[in-house]
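What follows is a set of notes on a single structure, which appears directly below.
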Amino acid sequence: MRALWNSLPVPALLLNADDTIADSNPAAESFLNLSAKALLGAPVWDKVMIDAPIEGAYSRASANRTSLFVNDVDVGSGERPPLQCNIQFAPLTDEALKDDGDQMLMIFEPREMASRMTKSAQSVRAARSAIGMAEMLAHEIKNPLAGITGAAQLLSMTLSNGDREMTDLIVEESRRIVKLLEQVEQFGNVQPPKCAPVNIHDVLDRARQSASVGFGAHMMMIEDYDPSLPHTYADADQLLQVFLNLLKNASEVGSAGGSIRLRTFYEPSLRVQRKDGSGARLPLQVEIIDDGPGLPPDIAADVFEPFISGKENGTGLGLALVSKLIADVGGWISVDSVPGKTVFRVSLPTVPKDAQPTPNDGDT
């Protein structure tokens with residue numbers, strides 16, 4: 001019986017009559033990112049976080065010894081971002097359990113994230129559509145801005161210090177507009193990413209080093225890497241831009257002495273559905289975790305949409321661009337945020353067999 005329980009390929013928990021966890025199989029421990037020691041004896045609703053009020057329905061099913069099915073709910077644990085699942089509860093009989101018969105079986109069925117990938121694709125399309133006109137005008141706007149900036153700088157040379165504040169303001173605001181236009185132009189880049197085998201940790205280290213001496217100097221960077229991770233298949237420059245944007249966001253909301261944790265791990269069960277209907281595995285996980293105040297609840301569900309920002313004077317293009325870049329390499333990004341802990345999770349593919357280097361690759 002124990003060998004069968006441990007061999008179950010789906011996450012499963014055994015629940016006592018008082019809603020505490022009596023047992024967990026290895027798949028559940030991996031799915032919830034919690035050890036058996038942390039799970040056993042704990043109230044199930046403290047360890048399994050579900051975005052639907054199912055406790056009452058479960059109590060009735062447990063009392064009546066009936067099955068319960070819950071579809072399309074997000075399930076998390078506080079130790080990993082939520083994943084859309086179907087959940088099944090079923091009573092165990094005396095014959096199967098050889099016990100008091102009051103226990104219930106809780107089985108998770110992680111769904112392929114087609115709906116979330118669709119939303120990600122919709123975000124990319126919405127961004128391109130919303131800024132289509134702006135992209136066409138960007139080059140024309142940047143040219144006169146360069147002239148305005150140059151004229152203001154020349155004019156400032158003939159002014160007193162008091163009057164020079166106005167020309168400095170012109171230069172500063174002109175440069176800010178140029179940066180915004182450059183972000184807009186990046187959405188219009190239809191060139192496919194230059195994918196190649198990439199060591200995730202090399203890219204993360206470059207991003208961390210850049211952040212540590214710049215915008216994230218006030219934060220403590222914590223590395224929590226799985227050194228056994230294989231290479232991903234992505235555009236290294238685009239991946240670097242993604243990690244820099246995520247680190248910048250985490251640094252901007254963090255206070256001095258705060259921390260940012262860079263975590264990598266392998267999750268073989270994570271799959272998505274491509275546009276052609278075929279399945280794709282995204283086992284390589286990168287998490288950027290900060291201890292800031294969390295995302296505003298009114299924008300948390302739409303944070304990857306263009307022009308949605310929780311920051312004062314924010315453009316709302318940074319995370320939309322991150323979503324686009326990750327989608328371009330066939331990856332997926334999600335966020336889970338509560339006050340004191342925000343987790344941005346990037347899921348990436350491994351190198352496909354037809355792109356694996358041959359023994360002669362790199363020889364000269």
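FYI, it's all coordinate maths here, none of it is from the lab. Being a predicted model, the structure only gives us computed values, none of them experimental. Quick reminder, even Gly has a Cβ in these numbers, built from the backbone with ideal geometry, and neighbours come from all protein chains shown.
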Hey, rough spin-label estimate for Lys341 and Ser67, points 7 angstrom out along Cα→Cβ, what's it come to in nanometres?
3.4
Length gained, Ala355-Asn143, 0.36 nm per residue minus C-alpha separation, equals 72.1 nm
Could you give the length gained by full extension between Lys179 and Glu55, i.e. 0.36 nm per residue of separation minus their alpha carbon distance, to one decimal place?
39.7 nm
Can you tell me how the stretch 154-264 classifies by the Cα gyration tensor, rounded, prolate or oblate, using a/c under 1.5 as the rounded cut?
oblate
Would you kindly state how much longer the chain becomes between Asp102 and Ala90 on full extension, computed as 0.36 nm times their sequence separation minus their alpha carbon distance, in nm to one decimal?
3.2 nm
Using a Förster distance of 45 Å, how high is the FRET efficiency between Asp46 and Leu169, based on the Cβ-Cβ distance and rounded to 0.05?
0.25
To the nearest 0.05, what FRET efficiency results for Met220 and Asn199 with a Förster distance of 25 Å applied to their C-beta separation?
0.55
Hey, can you rank 233-244, 156-167, 196-207 by average C-beta count inside 10 Å, highest first?
233-244, 196-207, 156-167
